[in-house]
Structure formats: structure tokens, C-alpha cells
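Here's the structure, in C-alpha cells; my notes come after.
Computed from the coordinates by the stated procedures, all read-outs in this text should not be read as laboratory data. Model, not experiment: these values are computed from the prediction. Positions of Cβ are backbone-derived with ideal geometry, glycine not excepted, and every protein chain shown enters the neighbour counts.
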Amino acid sequence: MTAKELKHFLKEHLVPSKLYKIGKRRDGRVCLTKKDGIWEVYFFDHKEKIGLMRFTDENSACQSMMNELRKIMESVYEITFLPTMKSASIH
């Protein structure tokens, strides 16, 4: 999965855009960025990266971000989304 595919997936599954930012960091959101060839997933809060996870490949970073957003959707909105067949086969 690429960042572009993830963005499409999240829109398709009605994940509120106020929960995430792809490609840039935004305060109060789960972010997916690439720095020096390393993909990062984290919650950005007042210039601090909370729960920073680093990945060498884009697919793993996207899967991680999707997982984090799924947890938020379940805890805040009490709803979830099912992974696509393509992402379900990737571990």
C-alpha cells in the first residue's frame, strides 16, 4: 500500500480528515511523513512526535497508520472499517 492508496482508502471509508495528515505533520493528528528515506507514523502534539514508529518501507508505515486510525475510530466513534482484500493479505 502506498500513501496515495491509504489516503484514498481512508476517504472511501469515511475516516474524518481531522484525525490524520499524510505527507506533512499537523498538530492534533496522526501523521505519516517521510524523512531521510525513513517513513514515520506518529501523533503530533505541540511540536512533539508522540508514539513515533519508524519504517524502512512505505507499505509497513501505511499499514501501521491504518491500524492506529482504526483504533481511534473504534474508541471514539465506536465504529470500525474492514481492511481491503489487498491490505488483509499483507502482514
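Taking a threshold of 21 Å on the Cα-Cα distance, which of the pairs Lys21/Lys47; Lys4/Lys35; Lys24/Lys49; Lys7/Lys34; Lys35/Lys71; Lys7/Lys35 fall above it?
Numbers: Lys21/Lys47 14 Å; Lys4/Lys35 17 Å; Lys24/Lys49 12 Å; Lys7/Lys34 15 Å; Lys35/Lys71 25 Å; Lys7/Lys35 19 Å.
Check vs 21 Å cut-off fails for Lys35/Lys71.
From the helices alone, meaning DSSP H stretches of at least four residues, give me the mean residue ellipticity at 222 nm for the chain, per-run term -39500 (n - 2.57), in deg cm²/dmol to the nearest 500.
-9000 deg cm²/dmol
Round to the nearest 0.05 the FRET efficiency obtained for His46 and Lys4 when R0 = 35 Å and r is the Cβ-Cβ distance.
0.75
Would you mind telling me the antiparallel percentage of the DSSP bridges in the stretch 3-81, rounded to 5?
Here the share of antiparallel DSSP bridges comes out near 80 percent.
Tyr77 to Arg25: extension gain in nm, 0.36 nm per residue of separation minus the Cα-Cα distance?
Details: separation 52, 0.36 × 52 = 18.72 nm, distance 2.31 nm.
That works out to 16.4 nm of additional length.
In whole percent, what relative contact order does the chain give with Cα contacts below 8 Å and a gap of six or more residues?
With pairs under 8 Å counted, the relative contact order is 22 percent.
Expected output is a single nm value to one decimal: the length gained when fully extending between Asn59 and Glu12, i.e. 0.36 nm times separation in residues minus the C-alpha distance. What is it?
15.1 nm
Mind sorting out which of (1) 51, 32, 19; (2) 43, 21, 19; (3) 31, 27, 18 is the real Cα extents along the principal axes in Å computed from the coordinates?
Matching the structure shown: (3).
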